[in-house]
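Take a look at the structure set out below.
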Amino acid sequence: MTSLHPAQRKALLRHTLAIDRVLTTAQLTRRGLLETAEWLELPRVTRTCRTRVTQSESDTDLTFVALRAEDLDCPSRDLMHLAGLAEARHRITLAEGEVWRHVSLQGRVKRHQAHAEILQTLDPSRRSDWAVEYDAGYSWGRITDKLVAADEGGYLKVYWATSIHARTLTVMTLAQQLQQAGRLPHLTQVETRFVDFWTPREPYVGRPRCHKPTALTHVFPARAG
């Protein structure tokens, strides 16, 4: 990233925040864009946040950065939600024609609506779209409901991002069990990924004793009939 001209880095950061709305200074540090945010004098706010709602020891001070000050004027829960989705988007490689879109919850039933979508613009049948979820500590009943809602909502793929590392495996296992039980008859693929938006050091490398997967993909077999 440091090989880019400062003007290119500024344009990249503006483009990124136009989509993601907020990033933490930890994310900016890993991407080599913290200095760029300082050049642009972007608004920021610091909050004490619980990054994994089920783990009290996960409380940490996070500084969020945005293009507009009004994007920071929301609860810490929502800022973390946006940062988690931003990390999920950063960690996936979109195929040709795929476009990431945050889903507005205004005027919708919030409980089971996907947090974002990956839309395949080259497929007018909409048979290749993804539902995107960010999970910082959902109950297992809520996870089940979300997966079933994605299937019933016409998505064929689910991208499940979580700030709880163990859930990369456990959510995948649940999705496989639901599919085998006939509750996800339309889904063809599930990808789970651990997303870290609070650690300045790159969290995905240099952990030789960590055996938990950071990302898993499972393609379901075609169902007969």
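With the simple spin-label model, which puts each label point 7 Å out from Cα in the Cβ direction, the Thr173 to Glu57 separation comes to 2.1 nm.
For the pair the range 130-173 / the range 21-92, the C-alpha centres are spaced 22 Å from each other. Contact order for the range 60-154, expressed relative to its length and based on alpha carbon pairs under 8 Å spaced 6+ residues apart, stands at 20 percent.
Atom-type composition of the exposed protein surface of the chain places 51 percent of the accessible area on carbon and sulfur (1.4 angstrom probe). Within straight-line reach of Lys157, meaning a Cα separation under 15 Å, sit the following aspartates and glutamates at least 8 residues removed in sequence or on another chain: Glu98, Glu117, Asp123, Asp129, Glu133, Glu191.
Between the amide H of Tyr159 and those of Ala131, Val132, Glu133, Glu191, distances stay under 5 Å, these residues lying 5 or more places away or on another chain, with hydrogens modeled in the peptide plane. In the full protein context, the chain carries 51 Å² of accessible surface per residue, based on a 1.4 Å probe and ignoring ligands, DNA and RNA. Our summary gives the chain a relative contact order of 17 percent, counting only alpha carbon pairs under 8 angstrom and 6 or more residues apart. Using only Cα atoms and rounding to the nearest 10 degrees, what angle (0 to 90) does helix 167-180 make with the longest principal axis of the chain? With rounding to tens, the tilt is 20 degrees.
Rounded to the nearest 500, the helix-only mean residue ellipticity at 222 nm of the chain stands at -9500 deg cm²/dmol, with each DSSP H run of n ≥ 4 adding -39,500 (n - 2.57).
The values are calculated or read from the model by the stated rules, or taken from the named source; none is laboratory data. None of the values given here were measured: they were computed from a predicted structure. Every residue, glycine among them, receives a Cβ derived from its backbone with ideal geometry; neighbour counts consider all protein chains shown. Heads up: the accessible areas ignore ligands, DNA and RNA and are worked out on the full protein's heavy atoms, side chains in. Shrake-Rupley method; radii C 1.70, N 1.55, O 1.52, S 1.80 Å.
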